[in-house]
Amino acid sequence: MSETVQAEKPMVVNPFGPMGLNIRKAAERLKKVVTKTPLSLNLNLSHRYNCQVYLKREDLQIVRSYKLRGAFNMMSSLSPEKLSHGVVCASAGNHAQGFAYSCQKLQVHGVVFMPVITPRQKIRQTKMFGGEWIEIKLQGDTFDDCAIAAKKFTEENEMIFIPPFDDFRIIEGQGTVGVEILDELPDPDFLFVPVGGGGLTAGVGAYFSAYAPNCTIIGLEPEGAPSMNEALKAGEPVTLPQIDRFVDGAAVKRVGDLTFSICKEVIDEMCLVPEGKVCSTILKLYNEDAIVVEPAGAMSIAALDQYADRIVGKKVVCIVSGSNNDIDRMPEIKERSLQYEGLKHYFLISFVQRPGALREFLNDVLGPTDDITRFEYMQKTNKEAGPALVGIELQSKNDYNSLLHRMKTSGINYSEINKDDKLFGYLI
C-alpha cells in the first residue's frame, strides 16, 4: 500500500458543515434539475467483502457525473443581471458537460474552453448537452494553457467564470450527493469518495461531518496524481511537477485552496489507488454487474481491497462518480489491467544468430498456456543481429517466475521492459 495521510477530524462541526455551507438549501434548489441517483446495495461486492456495500450511482446522473450539481448550483445563484453577461468554463471533461447542461436549462450563453487535443467524443457530448446556448473554443495544447485563455477571455468580456471545484457554491452543489445518501442510509460506517480538485469530497464530507459524524470518510486519489495527499502532508496545497492523467476525472496537479481548507477537517484518511487496479475494477464491474464507469468512477470500489479487514460487517458507501468513458480507451484499460495483475509482460530478446532459434524459444521457453501477443523486430534491416520486442500474456501470474527460469536455463539474452519505466513508455 502506498504511503497515505490520516487526517484529524474536529469534534464539533457547524450544523451546515464547516464555514456555513448550506448544502440542504442547495439540495432544494437542485431538486427539479438533477436526477436523484440510486443508492443501491451491490450483492456481488457485499458477498466478496462480507459487508453491506452500497453504490451511489452518480454515473446515472443526467450528464453521467455529479458535476452538474455544482455547476447548476453556482449559476442559478447568480443574479439575472450577472447571468446576462454570460458564463465561461475551462474543462475537457465532466465539468464542461455539467456546465453546458446548466446553460441550456437556465437559457444562459456559455463559452466552454477545451484544449486542442480534446477527443471529439467529449466535444460532441458537450455540444449535445448545451445545444444552441454554448460555444466551444479549442485553445492550448494543455489544460493549463486552456484555463489561462479562458480566464483571460472572461475578464476581457466581463463574463462570469464557473470553476470546476474551488468555490463555495460549487462545493455546496456537490455536497447534495451526501444529502441523498443520508436520506436513505442515515448511519453508514464508511464512505469512499474520489478526490480530484476536492469539490465533491469537501461538500459531501462537510455534510457527513454534520449529520453522520461517526462515519469514516476515506478520500481516494490515483497513485499517479496524489495532490490532496501531498497537500495534507505539507499542510497546504502544493503543485505537483507532473501527474499521470489516466484517471482524468480525479487527476489534478493542485487541489483548490478552499476545498483543501475543508477537506483537511472532514477527511479521516487518504488512500492512493494504483491505476492498474482501477482498470481491473472497470472490467470487473462491466463483466459482473454490467456497470460502465470511467476511471475516477471506479476508484471507490477499487480501494475496497485495501480496507477488506476493516469493513467486515459494516455499512459501506462507495460514490461512483461518473461514467463518461470513451470506448476507444478500452484497449488501454485492458492492457493496464493485465500488467497490474501480473499477466502481461514485455521483453527485449536477442535471439542467437542460427536457424531454428525462434522455434526453440516457442517450444522450450513458452509454457503450455503462455501466449505471444506481440512480436516485433526492433531493426528493419539486419533483423538477425537486433533484438525483438516480445509481449507475453500469462494465464496465471504464478507462471512468471517459471517463464524467467526457462529463459535463463535456455541461455536467452533478455531485458524486462516492464521494470524500466522510460523504456516501457518509449516502446509500448
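The values are calculated or read from the model by the stated rules, or taken from the named source; none is laboratory data. Quick caveat, the model's predicted, so the values are computed rather than measured. When we count neighbours, we look across all protein chains shown, and the Cβ atoms used for this are built from the backbone with ideal geometry, even at glycine.
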(request) Output yes when any residue across region 403-415 is of a type in the set (D, E, K, R), part of a helix (DSSP H, G or I) and surrounded by 14 or more Cβ atoms within 10 Å (Cβ to Cβ), and no when none is. (result) yes
(request) State all residues of region 315-344 that are in a loop (DSSP other than H, G, I, E, B), among the acidic types (D, E) and farther than 21 Å from L394 by Cα; if no residue qualifies, say none. (result) D326
(message) Test of understanding: among L191, L200, which residue is modelled with pLDDT of 95 or more, under 24 Å from the mean Cα position of the chain (by Cα), among the aliphatic types (A, V, I, L, M) and not in a helix (DSSP H, G or I)?
(response) L191
(message) Suppose we filter L220, L232, L240 for residues that are in a strand (DSSP E or B) and either over 18 Å from G178 (Cβ atoms) or touching a Cys at 6+ places or on another chain (Cβ under 6 Å) (or both); which single one remains?
(response) L220
(request) Specify the residue that is surrounded by the most Cβ atoms within 10 Å (Cβ to Cβ); the eligible residues are those in region 286-322 that are touching a strand residue (DSSP E or B) at 6+ places or on another chain (Cβ under 7 Å) and small (G, A, S). (result) G297
(message) Being part of a strand (DSSP E or B), at pLDDT 85 or above and not assigned by TED's automatic domain parsing to the domain that holds E180 is the requirement here; does F347 meet it?
(response) yes
(request) Considering only residues that are modelled with pLDDT of 90 or more and aliphatic (A, V, I, L, M), look in region 363-380 and name the one that is nearest to the chain's Cα centre (by Cα). (result) I372
(request) Sort out which residues of region 256-300 are within 20 Å of Q339 (Cβ to Cβ) and in a strand (DSSP E or B), and write them in order of number. (result) L272, V273
(request) Look at R124 and say whether it is in a helix (DSSP H, G or I), free of Cβ contacts under 8 Å to residues at least 12 places away in the same chain and either in contact with a Gly (Cβ under 8 Å, 6 or more places away or on another chain) or not polar (S, T, N, Q) (or both). (result) yes
